[in-house]
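Undergrad: Please see the structure below; I have some questions.
The values are calculated or read from the model by the stated rules, or taken from the named source; none is laboratory data. These numbers come from a predicted model, not from an experiment. Reconstructed Cβ throughout: ideal geometry from the backbone, glycine too, with neighbour counts over all protein chains shown.
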Amino acid sequence: MKKYVLWGILLAVLGAGVGYVYSVYLYKVNYVSSAQLIVLTPKNVSQAKDYASIATSRSVLEAVREAIGTSDRISTLQDYVVATNISGTNMISIEVTTDDAAKSQAIAQSVSREIGNQAKVLFGENNTSIVDEASRGRQVGERNPIKASVVGAVAGIMLTLAAAFVFYDGKKEERGVSEDAGSDGGVGSDLDVDDDVINSITPRTIAPRASRRPVEIKKPGRLYGQQTTKKEHHS
């Protein structure tokens, strides 16, 4: 379990660092500019929807690019611009989102004008009117390094908990502790003897002790230094 605690601390610190770096250096703050148009005396009920759809047409965005002097591609401008017909009305809502407030406003203003110009080309008249001029881009989202660091740290801890839940085996660890305790308390537990060595040892065969021969008892003789041997005679 200790290793999971250490991994949790490590991943929490790492996640906090990643969150901080992302918030400060990688996170992009966007700005949205909004404008509204109205279609006056529409010739049909779908004309407002038609005008909304031409807002992102190549002809309109080509004129926008020339008007504001941007080098963005048409496909990039199409990603910036969102034009929708407000349900049940002849109103068209235009929203432009970029990473620069002034740029968002300039594009929204130009799109509003160019929709009318394109309508005149297509339908012979410009029957649109700008209701709300493009606003200065408002910030969407903000850099918050502290919040990002906390989220990263929590993510690291949750990842560690998930790994512990999947891989941790408490019973296995208890068995390991019990085996260690038993081996420490046994006789000769400190000796590191190979099992092959133990198995190669065989009991020594002890030969029986040889029988002793009878010992003759000698008695001292009459003269000093002489010895005689006592012999028993049997009749």
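Undergrad: Being in a loop (DSSP other than H, G, I, E, B) and either modelled with pLDDT under 65 or assigned by TED's automatic domain parsing to the domain that holds ASN85 (or both) narrows it down to one of ASP190, ASP184, so name that one.
TA: Going through ASP190, ASP184 in turn, the sole match is ASP190.
Undergrad: Can you find a residue in segment 52-73 that is under 17 Å from ASP132 (Cβ atoms) and surrounded by 19 or more Cβ atoms within 10 Å (Cβ to Cβ)?
TA: Yes, segment 52-73 contains at least one residue that is under 17 Å from ASP132 (Cβ atoms) and surrounded by 19 or more Cβ atoms within 10 Å (Cβ to Cβ).
Undergrad: Does VAL96 fit the bill of being over 40 Å from the mean Cα position of the chain (by Cα) and over 30 Å from GLY8 (Cβ atoms)?
TA: For VAL96, the condition - over 40 Å from the mean Cα position of the chain (by Cα) and over 30 Å from GLY8 (Cβ atoms) - is not met.
Undergrad: Would you check which residues across segment 58-73 are farther than 14 Å from SER110 by Cα and of a type outside the set (D, E, K, R) and list them?
TA: SER71
Undergrad: Mind counting the residues in segment 80-111 that are crowded, with 19+ Cβ neighbours inside 10 Å, hydrophobic (A, V, I, L, M, F, W, C) and assigned to a helix (DSSP H, G or I)?
TA: 4
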